[in-house]
Amino acid sequence: MNEHPSPEFEKEIRESFDASHANPEFVRELRASLLERTKMKNRNRSFIRLTWTVGFAALLIIVFVASPRVVTALKQLFGYVPGIGYVEQGNFLRLLSAPVSVEKNGVTLIIEKGAADSQQTVLLQRIEGYTFQEDAPLCDTPAQLVLLDGTVLNLISFEATHEGDKGGPASGSYYSRNVFEALPAQTLEATLQIPCIMYNDNYPDWQVELQFEYADEEQIVPVIELPTIEFELPSDTPPTDLTTTPPSSTEIALEGFTIVLESEASLPDGYIITGSYQWTDPRFAPSSTQPSNVQITDANGIQVNFKPIDPMTRNDEPSMKRLPFAFEIIGKDYTVPFTISVKSIVVRITDTATFQFDAGANPQVGQAWNVNVNIPINEYDINIQTIELISGETPTQLGFRFTVDAQPAIAYLSILDLNPIFTGNGYGGGGGGGGGGAEVVDTFTTSWVLDNYSPAGVKTFAVSNIGIFIYGTWQVSWQPKQ
Amino acid sequence: MQMTQITDELTLVRAAQADVQAFGALYDHYVQRIYRFCYYRTNNKADAEDLTAQIFLAVLEGLPHYRQEGHFAGWVFSIARNKINDHHRRVVPIPLDEADLLPLNADLEINAEISQRKERLLNLIQMLTDDEREIIHLRYVAELTFAEIAQAMKKNEDAVKKMLYRLVARLKEKLEADYE
C-alpha cells in the first residue's frame with residue numbers, strides 16, 4: 001500500500017525545482033512569432049479555399065493544416081504518394097494493402113489509402129451515405145490506432161473535405177486525411193478505432209482492421225532532386241504585374257533574398273515543386289520572415305492553379321535564414337517553363353517605441369479617448385487614433401483596444417502595457433498583437449485584456465513586434481523534367 | 001481580435017480553436033510550465049528554448065483538431081514528451097557525473113543546510129531512471145494532475161499514482177537516511 005506523500009515533502013520537491021524560468025525576452029519573441037504564424041495560417045487557408053457552388057454543388061471545405069514534417073536530415077530520400085504526400089522511402093515504408101470498408105446503418109466508412117513511415121501514419125478516409133443532422137448529439141472523442149499489443153497511437157491532425165450532392169452539404173461524400181503517430185517499424189497490422197463518425201453520437205463505435213504491406217518502388221512517385229539554381233532580383237525591381245501596385249516603398253530591404261528550388265515530382269495530374277526561401281540579412285530570422293504574395297505563372301503568363309502543401313522538411317535551425325516551401329501545381333495543361341514569383345515579404349522589425357497615456361482615476365468600460373498620438377518608427381508613421389477601455393469575458397478582465405493607422409501600411413504590431421498593475425491576485429502576462437494581417441490596410445485595431453488589470457492612471461505603452469511589407473519581385477524559372 | 005488571460009482553460013481552448021489569434025492566452029498560461037519541463041528534462045537552457053518553440057508550434061498546428069474534453073494539459077504535455085524524446089534520440093546523452101546540476105536560488109544559499117538538502121534531493125532525482133524522472137517532472141515541475149499525467153504518458157491513472165507515490169517515498173527515505 002502506497003501512502004500519499006506528505007505535503008511538506010512534496011513542497012520540498014517543488015522548491016528544489018524552482019530555479020529556472022524562461023527568459024522574458026525569449027517568451028515575448030516566441031509569442032510574437034507564434035501569433036504572427038497564426039496570421040499566416042489564416043492567409044494560407046484563404047489562399048487555398050475552393051469554391052462552393054449550388055446546383056451540381058461540389059462543396060469543398062478545406063481545413064488546411066500546415067504541419068511541416070520534422071526531419072533532421074535534408075538528404076533523406078523521400079518519395080511522393082499521391083493523396084498521401086511525402087513519405088520516407090526505405091525498408092520500413094508500408095502502404096495499406098487494399099481499401100477497407102465497414103458499413104453500419106446505411107453509412108459506409110472506407111479507408112482508401114494508408115501509408116506508414118518512421119515519422120507518421122497517414123490514412124485517407126471516405127464516408128458515404130451519411131446525412132448531416134443539425135441537432136445531433138456531439139461526440140468529439142478523437143480516433144486512434146490500436147496495435148496488437150495494446151499500444152495506442154494518437155491522432156495528430158486531420159484535413160476534411162466534403163463533396164455534396166445537389167442538396168448542398170447535407171449528404172454526399174465526406175473525405176478526411178488523418179495523421180496518426182508513427183506505426184512502429186515492422187508493424188503491419190493495426191485497428192482504427194473511431195468512437196463516432198462526423199462528430200455525431202448517433203453513429204458510435206466504428207472499428208476498422210488495417211493491414212499494411214511493405215511498399216514497392218513503383219507505388220511511389222520519385223522525387224527528383226534539382227540542381228541548385230538561384231535567381232534573385234533586387235527588391236526595388238518594379239513588379240511585373242502592373243495590376244498590383246505596392247502602396248509605398250520603404251528604406252527597409254531584405255538582403256540576399258533568393259528562391260532556391262530543391263526537388264520536383266511529376267504527378268498524373270500535376271506537379272510538386274519544393275524549395276526554400278533563403279536570405280543573408282542577419283536582421284531577420286525565419287520566425288520573423290514570411291513571403292506574403294506568391295504567384296506561379298506559365299510561359300504564356302497565365303496564372304497557374306496551385307496550393308501550398310506540407311513541405312518535406314522544416315527549418316529546425318533558427319540561425320539558418322531558410323524557409324522551406326512546397327507547392328502542388330494542379331493540372332498539366334500549361335506551357336512550361338513556370339515562373340515562381342514572390343511579390344511581397346513580411347518581416348518583423350525590432351524597432352520599438354513607447355508612449356504615455358493617462359486614463360484618469362476612474363476610467364469606465366466603453367470609455368474611449370481620441371489620443372491621436374504620432375509614433376514615427378523607422379520609415380513608418382504610426383498613429384494611435386483612439387484608445388478604448390474594454391472588458392473580457394468576466395468583469396475582472398480589463399484592457400485596452402487601440403485603433404491604429406500606419407503609413408505605409410504594416411502587417412501587424414503589438415501595443416503592450418510595460419508595467420501593468422494588478423489588483424487582488426491578478427497575474428501579469430502579455431496580450432496584444434493584431435494588425436492588417438492578410439489584407440494591406442492602413443487602419444486596424446489591436447486589443448488585449450488581463451485578469452484583475454487596473455486601467456487607472458498613467459500608463460506607459462510599448463509599440464513593438466512590428467511586421468512590415470517589403471515589396472519587389474523575386475522570381476525563379478523552372479522547367480519540369482517530366 | 002482580443003487577447004484574454006486564462007481563467008477557464010477549456011473556454012480558452014475553445015476560444016483559441018475558434019480564433020487562432022486567441023492562442024496567445026493559452027501560450028501565456030503554458031509557456032513557463034512547458035519551458036521549465038523542457039529545462040529539467042534537458043538540463044540545457046538553449047535546448048529548452050528550442051524545444052519550447054517546437055512544442056508550441058505543434059500545439060498551434062494541432063489545436064484546430066483537438067477535440068477531447070478536459071485534460072488539455074495532458075494533450076499539450078504529450079506533445080512535449082514526444083518532442084523531448086525526439087530531442088534525446090538526436091542528442092548524445094550527458095553522463096550523469098558530467099551533467100550540470102541545476103543551480104540553486106540565491107535565497108536558498110543563505111541557509112547552507114537547506115541548500116545542501118535541496119542539492120542532495122536534486123542529486124537523488126538525477127539518479128532516477130529517465131521514466132521516473134519524467135513522472136517527477138510532470139508532477140512537480142509541470143504541475144499536472146494524475147489524470148493529466150496519465151493522458152500525457154498514455155498510462156492508467158492509478159498506475160501513475162502508485163508509481164509516483166512509490167518514487168516519492170523512496171526519495172524521502174534516501175534523503176532522510178543521509179541526514180540521520
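The values are calculated or read from the model by the stated rules, or taken from the named source; none is laboratory data. From a predicted model like this one, the values you see are computed outputs, not experimental measurements. Positions of Cβ are backbone-derived with ideal geometry, glycine not excepted, and every protein chain shown enters the neighbour counts.
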The correct count of residues that are in contact with a Cys (Cβ under 9 Å, 6 or more places away or on another chain) and in a loop (DSSP other than H, G, I, E, B) in the stretch A:199-218 is 4
Of the residues in the stretch B:138-180, those that are more than 17 Å from B:GLN126 (Cβ to Cβ), charged (D, E, K, R), in a helix (DSSP H, G or I) and more than 11 Å from chain A (Cβ to nearest Cβ) come to B:GLU148, B:GLU157
Flagged in the stretch A:265-293 as free of Cβ contacts under 8 Å to residues at least 60 places away in the same chain and over 16 Å from A:ARG322 (Cα atoms), in numbering order, are A:ASN293
Considering only the stretch B:134-163, state which residues are free of Cβ contacts under 8 Å to residues at least 40 places away in the same chain and among the charged types (D, E, K, R). B:ARG139, B:LYS155, B:GLU157, B:ASP158, B:LYS161, B:LYS162
Every residue from the stretch A:437-482 that is surrounded by fewer than 21 Cβ atoms within 10 Å (Cβ to Cβ), in a loop (DSSP other than H, G, I, E, B) and either at pLDDT below 85 or not small (Gly, Ala, Ser) (or both): A:ALA438, A:GLU439, A:VAL440, A:VAL441, A:ASP442, A:ASN452, A:GLN479, A:PRO480, A:LYS481, A:GLN482
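Quick test for you: out of A:GLY167, A:GLY172, pick the one residue that is surrounded by 15 or more Cβ atoms within 10 Å (Cβ to Cβ), modelled with pLDDT under 85 and assigned by TED's automatic domain parsing to the domain that holds A:ILE197. Let's see the steps before the verdict.
On the way: A:GLY167 fails: surrounded by 15 or more Cβ atoms within 10 Å (Cβ to Cβ).
Exactly one residue qualifies, and that residue is A:GLY172.
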